[in-house]
Amino acid sequence: MSQPAPLFLEDLSVGQTFRTGSVSVEENRLKAFAAEFDPQPFHLDETAAGATLFGGLVASGWHTAAVTMRLMVESNFRIVGGLIGVGAENIRWPHPVHAGDVLHVECEVLETRPSRSNPERGIVRFKSTTLNQEGTVVMEQTAVLTVPRDLSRATSPKQ
């Protein structure tokens with residue numbers, strides 16, 4: 001099965017949604033990420049984690065964010081030139097991710113507009129929601145991408 005062609009600004013519209021595939025969070029990878037980037041006891045040690053508000057070992061929120069990014073890059077939410085972020089307006093982790101959780105991401109386009117400073121690019125705001133196998137939201141973010149325009153299809157701004 002071939003992947004669809006990467007998307008230009010003109011291919012995106014407000015309300016458009018994308019759903020990624022899924023991935024299982026493996027304990028050894030959860031711990032390896034934490035050891036390198038977020039070495040806190042509730043990410044590394046089952047006994048220590050049991051005494052925290054989490055009640056057990058959990059993934060770093062930044063690990064969840066990295067998994068989210070990977071899932072989006074491998075999905076049909078493919079932008080010409082890649083998913084190039086220019087910022088995140090918010091990010092939150094309402095529920096922890098545990099080893100064995102199976103995550104997927106749902107993305108919704110919130111806004112598209114031509115760039116004010118570069119007519120060859122546009123700006124896309126989107127919301128991504130990362131969910132576990134039970135449909136529980138484990139991460140939400142609103143982010144902004146810079147997206148190439150297909151100038152052969154671009155419309156001139158109204159004067």
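The values are calculated or read from the model by the stated rules, or taken from the named source; none is laboratory data. These figures come from a predicted structure and were not determined experimentally. Cβ placement follows ideal geometry from the backbone for every residue including glycine, while neighbour counts extend to all protein chains displayed. The protein model used for the area step is the full one, side chains on, heavy atoms only, and it has no ligands, DNA or RNA in it. Shrake-Rupley method; radii C 1.70, N 1.55, O 1.52, S 1.80 Å.
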For the range 62-91, which positions are touching a residue at least 60 places away in the same chain (Cβ under 8 Å) and open to solvent by 20 Å² or more (accessible area, probe 1.4 Å)? Ala65, Val67, Asn76, Arg78, Val80, Gly81, Leu83, Ile84, Gly85, Val86
Enumeration of residues in the range 8-42 that are open to solvent by less than 60 Å² (accessible area, probe 1.4 Å) and touching a Phe, Trp or Tyr at 6+ places or on another chain (Cβ under 8 Å): Phe18, Thr20, Phe33, Asp38, Phe42
Quick test for you: out of Glu120, Glu89, pick the one residue that is modelled with pLDDT under 95 and farther than 23 Å from Gly21 by Cβ. Glu89
Does Val109 qualify as being touching a Ser or Thr at 6+ places or on another chain (Cβ under 8 Å), at pLDDT 95 or above and surrounded by fewer than 16 Cβ atoms within 10 Å (Cβ to Cβ)? no
Pick from the range 8-50 the residues that are in a helix (DSSP H, G or I) and acidic (Asp, Glu): which of them is farthest from Lys127 (Cα to Cα)? Glu46
Do we have any residue at all in the range 122-138 that's within 30 Å of Phe42 (Cβ to Cβ), crowded, with 16+ Cβ neighbours inside 10 Å, touching a residue at least 60 places away in the same chain (Cβ under 8 Å) and among the charged types (D, E, K, R)? no
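Being under 20 Å from Gly135 (Cα atoms) and either touching a His at 6+ places or on another chain (Cβ under 7 Å) or loosely packed, with under 12 Cβ neighbours inside 10 Å (or both) is the requirement here; does Pro94 meet it?
yes
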